[in-house]
Every structure is written in structure tokens, then in C-alpha cells.
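Structure first, then comments.
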Amino acid sequence: MAKATTSREFTREEVGLALRNPGMPLEGLRYDITPIEMHYLLVHFDIPSVDQETYEITVGGRVRTPLNLSLDELKARPAVTMPVMMECAGAGRAHLSPRPVSAPWRDEAIGCAEWTGTPLRPILEEAGLLDDAVEILFTGHDRGIDQGVEHNYERSLSLEDALREEVILAYGMNGRPLPARHGSPLRLVVPEWYGMASVKWLKEIKAVSEPFEGVQQALLYQYRQSEEDPGTPVTRKRPHALMAPPGIPDFFSRMRHVPAGRTLVEGRAWSGWGPVKRVEFSADGGHTWADATLGEPVGRYAWVRWSYEWDAREPGEYELCARATDSTGRTQPIDNDEAWNQGGYGVNGVQRVAVMVG
């Protein structure tokens, strides 16, 4: 597991991970669909080189009829296109103290792309799951060492989750072929879950008769409060609202500068547990709140736009915040530290944006 540090300095390794894995600039929140070049990236190991002409995905394990499907065969199957809001499970990690040492995400590990692919469920039904199958294991072509173990990136889903109609094998992104950095030629897309479940560069799909206990399933992506804590799995996205910082930025500090008067503050909100029903805005660091206006969702599994007309009459420095509440009643905590865990997963404390008026 990642070690925590109280240091305000980021290690050379953390900086290296940040350079390899860019986040989405928060001004990208103004787009309904995130442009490909702005969508966040997390590549655990190396981007594998996979030949699309000879590519095949194997569907096997505890099935009656193993399948080998080429990319053309997958594209010949019924296709769906849907916008899906994706968020890295480690988003917000860099706000924590002590800080888990890993990819040092702040708020930018997000994106809402339009994915095109074919549903997974009919493929599994065609293969014929045997009665002793309990999970579906997804293996990527990417391979490396993590937690001292050499392995391909692998994650599993329960049968119930894998057979959800919205889970797809995607080969397109925003109307274009899937880019190499986003999992070409084929990736899994699991709406409502954090991004670690959407395995990229798919090599094999396998029905297994025992719960998968691999590195990326059992050692990582667990909510743990201590080394001894057995943990609970990271699954669905917690409610989250972010704003596109208003005004213009100072180059180095990123302090926002806004003229006095009325300013439209806008952003996006989402949750993996149900539709967002409320977004609140604060201009005083979270001491008082007012309801923002919600727009229409971009799609069932996408984000929703929110906006608030802020009357910033008095010059001075302000701290703007936003928080979301979903249909289950889950609400963002005020402080990121309320969501602290050893891996820095699912951190969704309210965003704080420093703004100078006048």
C-alpha cells in the first residue's frame, strides 16, 4: 500500500506520475462532453502496443462456449453510444494530510466522454456462464510491478455488476476510434463506478469460480483506515460537485480575479449512487449555503450542469465552495479529511476556490 507523508513537498516520483497522467483543466467543466485531449488519464504501467488488425478478445473460463472475437466482429454487434462521467478513485488525494504517496491528484482526475461500444451482457450470455461462475475477471495487456508483484492490470466484477445492461466493451470515444492512451483497441466502461473498474487494453474476459484476489482488487482500491484494517472495496463514485473557476487566474498562485458585480458561477455534479438532486453554493468558505440551479443531465450516467448567479459587490478575497447531494441523501463532506483513508480513495470534500473581487 502507498505510504503517507506529512510533508508539503511532493516527491520526485509523485511529480513523475503527475507528468505521465494529466488531469482535466477545470475550465473543461464548461463542456457537456469533455474533448478527448482534455479528458483525464491514468496509465498504471506502460501504454501497450496492440495490433488492431490481428486483435482478438478471448472470453473463457467457466463458460460453456469460449469465444474469440476480433475487433470487426465486435463492431458488427449491436452498438450503443452513451456519455459517461468518469472519475479516478484517487481524485482529491493531494488534499489530504497526511498525504498518501501515489499519483498526486487534486480535483482534475475527471472527464465525461461519449463512449461507443457493444454491451457485455449478450456476449457473456452467448458464451454461457456455468453455474459455479461467481465473478467476471477482466485482464488488460498492460503489465508492470506494483506492491512488489509483477502482474497484468486486472479487475473483476460480480456477475450482478458485470451483467448490468449499461456495461459495455468500448472501441470509440467522442465519435472517433479509441485513442491508444485511453485503451485502444478495446476497453471496458463501467458507468457509476470509479475509473479503476473500466479496464483498458482488454486482453481477456474470464468467468471465475472464486473471488479474484489480485493486487488491483484486494491490496489496492480498498478503503482502509490503518494497515491492519481489512478494508472495504472502492466501487461507486461518491457525490461530487466542482465549479469552473470564475474570472481569470494569476499564473503562479491560480488565485482567481473577478470584477465586482454579478458573476455567473457554473460547474458540474455527479454521483454513482443516484441522480444529483441538489447543489449548494457558498461564497464564505462553507459557513452559509444557497441552492444552485440544476440543468438537465447530459445522460443517465453523465454529469449535470449547475449554476449560481453570485452578487459579488464588495471588493476583497472570498473562498467559493460547492457541494452536491444525490437522490439517496448522500452529501459531500465539508472537509477532505473527513474522507481520509490510507490509499486516498473517494475523497470528495467540498472544492475551495480562492477569488479576489475588484
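None of the figures in this text is laboratory data; all of them are computed from the coordinates on show. Please read all numbers here as calculations on a predicted model, not as lab measurements. Heads up, the Cβs are rebuilt from the backbone with ideal geometry, glycines too, and the neighbour counts pull from every protein chain shown.
What's the local net charge at Arg30, with K and R +1, D and E -1, over the other residues with C-beta under 13 Å away? Could the numbers behind the result be given before it?
On the way: positive: Arg268, Arg305; negative: Glu27, Asp32, Glu266.
Within the 13 Å Cβ shell, the charges total -1.
Sort out the exposed loop GluC sites (Glu not before Pro) in the chain (DSSP loop, at most 16 other Cβ within 10 Å) and tell me the longest stretch that has none. Could the numbers behind the result be given before it?
Values: sites that count: Glu9, Glu53, Glu165, Glu166, Glu213, Glu227, Glu228.
Longest run free of exposed loop sites: 229-358.
Using helices alone, I'd like the mean residue ellipticity at 222 nm for the chain: each DSSP H run of four-plus residues gives -39500 (n - 2.57), total over residue count, nearest 500. Intermediate values should be presented prior to the final figure.
Values: 4 runs with 26 residues, N = 358.
Here the helix-only value at 222 nm equals -1500 deg cm²/dmol.
On average, how much area does the Cα convex hull of region 1-113 cover when viewed from any direction, in nm²? Could you put the intermediate results ahead of the total?
Working: hull surface 41.9 nm².
That works out to 10.5 nm², a quarter of the Cα hull's surface.
Over 32 Å between Cα atoms, which of Lys75/Lys237; Lys75/Lys277; Lys206/Lys277; Lys3/Lys200 qualify?
Where the Cα-Cα span goes over 32 Å, the pairs concerned are Lys75/Lys277; Lys206/Lys277.
For Lys203, list the aspartates and glutamates whose Cα falls under 13 Å from its own Cα; do not include residues on the same chain fewer than 8 positions away.
Filter leaves Asp51, Glu56, Asp142, Glu154.
Among Ala354, Leu186, Pro100, whose Cα lies farthest out toward the positive end of the dipole of the chain, if unit charges sit on the beta carbon of Lys, Arg (+1) and Asp, Glu (-1)?
Ala354
What is the gain in length, in nm to one decimal, between Thr232 and Asp311 on full extension, counting 0.36 nm per residue of separation less the C-alpha to C-alpha distance?
Values: separation 79, 0.36 × 79 = 28.44 nm, distance 4.33 nm.
Stretched fully, the Thr232-Asp311 segment lengthens by 24.1 nm.
Just how far, in whole angstrom, is region 1-80 from region 106-140 if you go by their alpha carbon centroids?
13
Set Lys and Arg Cβ to +1 and Asp and Glu Cβ to -1, take the dipole of the chain about its Cα centre, and tell me which of Gln147, Ala79, Pro48 lies farthest positive.
With unit charges placed on the Cβ atoms, the residue in question is Ala79.
Ile33 to Ser253: FRET efficiency via 1/(1 + (r/R0)^6), r the Cβ-Cβ distance, R0 22 Å, to the nearest 0.05?
That pair, Ile33 with Ser253, gives E of 0.10.
Expressed in nm², what is the orientationally averaged projection area of the convex hull enclosing the Cα positions of region 152-310?
Numbers: hull surface 55.2 nm².
The number I arrive at for region 152-310 is 13.8 nm².
Order these by the 10 Å Cβ neighbour count, fewest first: Asp131, Asp32.
On the way: Asp131 6, Asp32 16.
Exposure proxy ranking, most exposed first: Asp131, Asp32.
Can you give the longest run of the chain that contains no chymotrypsin sites (Phe, Trp or Tyr not before Pro) sitting in a DSSP loop with at most 13 other Cβ atoms inside 10 Å?
Details: sites that count: Phe251, Phe252.
Between the exposed loop sites, the longest stretch runs 1-250.
What net charge do the residues around Val189 carry, taking every other residue with its C-beta under 14 Å from that of Val189, with Lys and Arg at +1 and Asp and Glu at -1?
+1
Restricting things to Cα coordinates, could you compute the convex hull volume per residue of region 240-357 in Å³? Don't jump to the answer; show the numbers that get you there.
On the way: hull volume 14.0 nm³, N = 118.
Taking only Cα atoms, region 240-357 has a hull volume of 119 Å³ per residue.
Starting from 0 in steps of 5 Å, tell me what percent of the Cα-Cα pairs of region 206-266 lands in each bin.
4, 12, 13, 12, 9, 7, 9, 12, 9, 7, 5, 2, 0
Could you give the dipole magnitude of region 4-233 about its Cα centre, charging the beta-carbon of Lys and Arg +1 and that of Asp and Glu -1, in debye to the nearest 20?
On the way: 22 positive and 36 negative charges, 103 e Å.
I would put it at about 500 debye.
Measuring from label point to label point, each 7 Å out along Cα→Cβ, what is the Thr65 to Glu213 span in nm?
3.5
Would you mind computing the Rg to Rh ratio of the chain from its alpha-carbon coordinates, Kirkwood style for Rh? Provide the component values of the computation, followed by the final result.
Working: Rg = 21.0 Å, Rh = 21.3 Å.
Dividing the radius of gyration by the Kirkwood radius yields 0.98.
By the scheme Lys and Arg +1, Asp and Glu -1, what is the net charge of all other residues having a beta-carbon under 11 Å from that of Pro179? Could you put the intermediate results ahead of the total?
On the way: positive: Arg176, Arg181, Arg187, Lys200; negative: Glu37.
Once all neighbours under 11 Å are counted, the net charge is +3.
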